[in-house]
Amino acid sequence: MVNFARDGVQGATETMLLNIGPQHPSTHGVLHIMTEVAGETIVNAKPVIGYLHRGIEKLAEHRTWQQDIVLTDRLDYVAQFSNEWAYCRAVEKLAGVIVPERAEYLRTLMAELNRITSHLIWYAGVTMDIGTLGTPFIYAWVAREKIFDFFENVTGARMMPNWMRIGGVRTDIDAALLSDMRAFLETDFPKECDVYEALLTGNEIVVSRMKGVGVFSVEQLVEWGVTGPALRASGSTIDLRRDAPYGAYAKLDFEVCTDEVGDSLARARVRLREIRESAKMCIQIIDLLPEGDIQTKTPRALKPPEGDVCVRTESPRGELGILVASDGTTKPLRFRVRSPIFYNLSAMPHMLPGHLLADMLVIFGGIDTSMGEIDR
Amino acid sequence: MSGDMWLRTILWLVGLLLLIAVVTVMGVWWERKFIGHLQRRRGPLHNGFHGLLQLPADMVKMISKEDIVPSGADPWLFQLGPILAVMPAIAAMSALVFWPGFGLLDINHGLFYIFAFQTLIPLAFAVIGWSCASKFTLMGGLRAAAQLISYEIPMLLAALGVVMAAGSMRFSTIIAAQSDVWYIVKQPVGFVVFLIAILAEMNRTPFDLPDAESELVAGFQTELSGMKFGFVQLAEYAALFVGSYLVAALFLGGWTMGFLGASPVWLLLKMVLVMSLTMWFRGTFPRLRIDSMMAMSWKWLIPIALVNIMAVTALALWLPGIY
């Protein structure tokens with residue numbers, strides 16, 4: 001891989017192939033990026049995926065509709081509720097199941113709490129990537145643990161809840177727990193957010209590392225298929241929670257967090273603001289939560305009519321699409337995931353060239369990968 | 001040399017070797033505890049009193065680990081590299097003076113001697129990085145070399161201000177000159193430049209680019225295992241010890257403590273303070289990017305250090321009694 005006198009790379013005479021991952025401290029799972037570097041400057045980058053492939057899409061075709069909910073937990077394992085919700089919505093739309101209002105609110109509540117934990121993981125990862133020794137990492141973990149305690153109380157599991165059902169949710173949340181959540185989100189959590197912001201956007205060195213690094217325009221990002229906070233940081237206001245509301249989002253008062261600059265710092269700011277916004281939304285949901293059933297009765301041998309349905313949701317990482325096709329039996333004919341991170345990661349070969357190795361981690365952190373969903 | 005001198009030298013060398021081991025063990029323990037508490041956790045806790053025996057346990061583990069030589073590694077340099085890193089660290093430590101007359105080499109050019117040997121440590125890192133036949137170690141080693149050259153200059157220039165003011169490179173003279181006012185008060189700019197430069201010389205955050213974990217796995221030490229890794233750790237903590245000694249002796253008055261009198265205890269306390277400061281940085285700051293690291297030295301620290309020297313000279317001529 002020797003190339004002499006490469007254009008556009010200052011002072012470079014020879015390039016070197018550097019395999020980053022699949023075993024590397026900052027690939028967030030088992031991602032493998034083949035980079036061609038000239039000194040410390042990246043000339044080419046190519047993500048190699050598939051190390052975590054479990055065949056979830058194929059597995060789903062051999063299980064009943066209800067059993068597939070378990071699999072969706074394991075797609076994006078840091079945003080489990082979003083996946084479950086997208087799948088359940090798709091099947092409900094296909095089978096014509098009406099979800100009780102309380103269940104919709106509860107789903108929205110958990111999904112927003114999940115957005116907080118997911119963004120906290122992003123925060124923990126990106127601060128590690130730019131070289132802190134884990135202090136912000138552990139600070140993020142503290143709040144995440146607290147929210148995981150809520151998850152455990154509601155669903156019985158911290159990571160893999162398997163909580164949503166076709167037609168509603170599995171367990172109700174009692175008033176005591178709701179007031180606990182509310183107290184935490186209203187008093188303790190904003191203080192934690194102040195700390196997060198001070199350690200990231202308030203730190204001179206971090207700002208110097210992130211500012212102006214990886215500036216992308218909306219047009220570029222749309223062409224590459226990038227969605228979610230990474231797109232909104234460039235000035236787009238696309239947010240399916242507001243544009244195509246589902247769950248209880250239509251009744252909530254929230255702001256779509258955007259930024260104009262489109263660099264890595266903007267992507268960080270958008271996510272940090274989304275954390276606060278999600279906390280506010282959770283408080284609203286707890287206040288507005290109606291009484292009623294939490295699940296519509298659906299037959300155990302659910303047989304949705306023939307046809308297919310695609311549902312779009314706003315997962316913490318972008319636009320998560322689920323397509324399910326039925327042939328009128330108890331098992332799906334096809335289950336397909338439009339993973340936001342897969343498309344975001346696919347933009348890496350366009351995003352990375354020309355940047356330093358150290359910038360790679362910052363840009364890479366800006367799209368917030370989770371390999372479970374990419375490899376499926 | 002007479003028989004007495006030989007005995008004294010050998011005793012000192014054994015003492016210094018013990019010191020380097022103790023410094024590493026206590027330094028790692030203190031660092032883990034200190035950063036642990038910064039991070040709302042308690043650090044090592046289970047082995048011994050508050051985890052004091054954790055480090056001996058780690059050392060036993062390190063010694064008993066398999067010594068892996070990567071295929072394609074340069075056999076001679078790979079074996080030599082960690083030793084080359086430890087030797088100058090020990091040599092530099094031999095010039096430390098802890099009390100007038102209490103030190104192996106209280107020589108005229110103590111400061112010069114230490115700088116000369118401290119310089120060799122990152123060179124050994126570059127050798128290690130080269131010899132492993134791995135791209136990550138190579139980049140780490142080259143980063144170590146680049147960082148060394150860039151930060152050596154501001155460090156020496158900042159120290160030069162003190163040398164000019166004290167009129168000597170002998171530590172006991174420099175410290176004695178600070179019995180009234182420390183040089184941190186007289187040369188605050190020099191102190192800041194020196195502290196930043198010595199952080200870079202010691203590979204400490206925010207200048208830990210040679211072993212940037214998130215970028216280069218573990219930089220030049222990626223392929224090291226067992227006691228080879230242990231030697232590099234020894235060298236790094238010895239450098240930390242020497243670096244904190246330099247800060248304490250050159251700018252913080254060494255063993256003097258104003259009206260509280262002079263004692264080696266003050267010196268050790270100041271060294272622990274400086275070490276804790278570097279650990280605090282390590283727990284808080286992220287890493288600089290390589291280009292801003294270089295720019296910081298060449299565009300800021302060196303000019304500032306030069307201006308500092310000129311200012312010290314001018315002040316010494318203008319106010320001979322005070323400066």
message: Restricting to segment A:99-118, and then to whatever is under 15 Å from residue A:86 (Cβ atoms) and not hydrophobic (A, V, I, L, M, F, W, C), can you tell me which residue is farthest from the other protein chains (Cβ to nearest Cβ)?
response: A:104
- prompt: Can you name the residue in segment B:251-273 that is surrounded by fewer than 22 Cβ atoms within 10 Å (Cβ to Cβ) and either among the hydroxyl-bearing types (Ser, Thr, Tyr) or in contact with a Ser or Thr (Cβ under 6 Å, 6 or more places away or on another chain) (or both) and is also modelled with the lowest pLDDT among such residues?
  reply: B:262
task: Only residues in segment A:142-157 that are more than 14 Å from chain B (Cβ to nearest Cβ) and under 16 Å from residue A:176 (Cα atoms) count as the first member; pair them with residues that are buried (at least 21 other Cβ atoms within 10 Å of the Cβ) and not hydrophobic (A, V, I, L, M, F, W, C), Cβ under 7 angstrom, at least 6 apart or cross-chain, and list the lot.
output: A:147/A:117; A:151/A:161; A:155/A:161
- prompt: Does residue A:280 satisfy being out of contact with any strand residue (DSSP E or B) (no Cβ under 6 Å at 6 or more places or on another chain), over 26 Å from residue A:215 (Cβ atoms) and assigned to a loop (DSSP other than H, G, I, E, B)?
  reply: no
Hey, residue A:316 in contact with a strand residue (DSSP E or B) (Cβ under 6 Å, 6 or more places away or on another chain) and more than 14 Å from chain B (Cβ to nearest Cβ) or not: no
task: Evaluate the following for residue A:270: is it more than 14 Å from every other protein chain (Cβ to nearest Cβ), in contact with a Lys or Arg (Cβ under 9 Å, 6 or more places away or on another chain) and assigned to a helix (DSSP H, G or I)?
output: yes
message: With the requirement that a residue be within 14 Å of chain B (Cβ to nearest Cβ) and either under 14 Å from the mean Cα position of the chain (by Cα) or of a type in the set (Gly, Ala, Ser) (or both), what does segment A:320-363 give you?
response: A:354, A:358
query: Is segment B:200-213 home to any residue that is among the aliphatic types (A, V, I, L, M), surrounded by fewer than 21 Cβ atoms within 10 Å (Cβ to Cβ) and modelled with pLDDT of 85 or more?
result: no
query: Of B:317, B:301, which residue is over 28 Å from residue A:209 (Cβ atoms) and either within 14 Å of chain A (Cβ to nearest Cβ) or in a helix (DSSP H, G or I) (or both)?
result: B:317
- request: Would you tally the residues in segment B:192-230 being facing another protein chain (nearest Cβ under 8 Å), assigned to a helix (DSSP H, G or I) and of a type in the set (D, E, K, R)?
  value: 2
query: Within segment A:40-55, is there a residue that is within 14 Å of chain B (Cβ to nearest Cβ) and either of a type outside the set (A, V, I, L, M, F, W, C) or in a helix (DSSP H, G or I) (or both)?
result: yes
- request: Just need a number here: residues in segment B:17-59 that are among the aliphatic types (A, V, I, L, M), outside any helix (DSSP H, G or I) and within 14 Å of chain A (Cβ to nearest Cβ).
  value: 0
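Being part of a strand (DSSP E or B) and surrounded by fewer than 20 Cβ atoms within 10 Å (Cβ to Cβ) is the filter; apply it to segment A:19-35 and report the residue that is nearest to the chain's Cα centre (by Cα). Explain how you work it out, then say what you get.
Restricting attention to segment A:19-35, the residues satisfying the condition of being part of a strand (DSSP E or B) are A:19-20, A:32-35.
Checking the rest, the ones that are also surrounded by fewer than 20 Cβ atoms within 10 Å (Cβ to Cβ) come to A:19, A:32, A:34.
Details: A:19: 26, A:32: 20, A:34: 24 Å.
My answer is A:32.
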message: For segment A:71-87, check the following and say yes or no: at least one residue is touching a residue at least 40 places away in the same chain (Cβ under 8 Å), assigned to a loop (DSSP other than H, G, I, E, B) and within 14 Å of chain B (Cβ to nearest Cβ).
response: no
- request: Any residue in segment B:16-42 that's over 22 Å from residue B:96 (Cα atoms) and at pLDDT 85 or above: show its pairings with residues that are among the basic types (Lys, Arg) and not in a helix (DSSP H, G or I) at Cβ separation under 7 Å, as long as the two are six or more apart or on different chains.
  value: B:36/B:42
field: Residue tally, condition outside any strand (DSSP E or B) and crowded, with 22+ Cβ neighbours inside 10 Å, over segment A:293-328
entry: 3
query: Of the residues B:105, B:96, which is outside any helix (DSSP H, G or I), in contact (Cβ under 8 Å) with a residue 60 or more places away in the chain and surrounded by 15 or more Cβ atoms within 10 Å (Cβ to Cβ)?
result: B:96
task: Give A:281, A:360, A:371 a once-over and let me know the one that is of a type in the set (A, V, I, L, M) and touching a Gly at 6+ places or on another chain (Cβ under 6 Å).
output: A:371
query: Somewhere in segment B:130-151, is a residue within 14 Å of chain A (Cβ to nearest Cβ), of a type in the set (Ser, Thr, Tyr) and buried (at least 18 other Cβ atoms within 10 Å of the Cβ)?
result: yes
- prompt: When you look at residue A:226, is it of a type outside the set (Gly, Ala, Ser), in contact (Cβ under 8 Å) with a residue 60 or more places away in the chain and buried (at least 24 other Cβ atoms within 10 Å of the Cβ), yes or no?
  reply: yes
- prompt: Is it true that some residue in segment B:241-250 is in contact with a Phe, Trp or Tyr (Cβ under 6 Å, 6 or more places away or on another chain), buried (at least 18 other Cβ atoms within 10 Å of the Cβ), under 25 Å from residue B:172 (Cβ atoms) and more than 14 Å from every other protein chain (Cβ to nearest Cβ)?
  reply: yes
task: Go through the residues of segment A:179-190 one by one and say whether even a single one is surrounded by 15 or more Cβ atoms within 10 Å (Cβ to Cβ), more than 14 Å from every other protein chain (Cβ to nearest Cβ) and in contact with a Pro (Cβ under 9 Å, 6 or more places away or on another chain).
output: no
query: Under the condition of being within 11 Å of chain B (Cβ to nearest Cβ), assigned to a helix (DSSP H, G or I) and touching a residue at least 24 places away in the same chain (Cβ under 8 Å), which residue from segment A:119-139 is farthest from residue A:279 (Cα to Cα)?
result: A:129
message: Residues that are assigned to a helix (DSSP H, G or I), at pLDDT 85 or above and surrounded by 22 or more Cβ atoms within 10 Å (Cβ to Cβ): does segment B:162-169 have at least one?
response: yes
- prompt: Which one of A:318, A:262, A:354, A:328 is within 24 Å of residue A:80 (Cα to Cα) and among the small types (Gly, Ala, Ser)?
  reply: A:318
query: Which of the residues belonging to segment A:156-177 are within 17 Å of residue A:145 (Cα to Cα) and surrounded by fewer than 19 Cβ atoms within 10 Å (Cβ to Cβ)?
result: A:156, A:157, A:158, A:159, A:160, A:177
message: Just to check your reading of the model, which residue among A:232, A:165, A:144, A:182 is touching a helix residue (DSSP H, G or I) at 6+ places or on another chain (Cβ under 6 Å), closer than 20 Å to residue A:103 by Cβ and charged (D, E, K, R)?
response: A:182
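The values are calculated or read from the model by the stated rules, or taken from the named source; none is laboratory data. Keep in mind it's a predicted model, so treat the numbers as computed, not measured. Don't worry about glycine lacking a Cβ; one is built from the backbone with ideal geometry, like all the others, and counts go over all protein chains shown.
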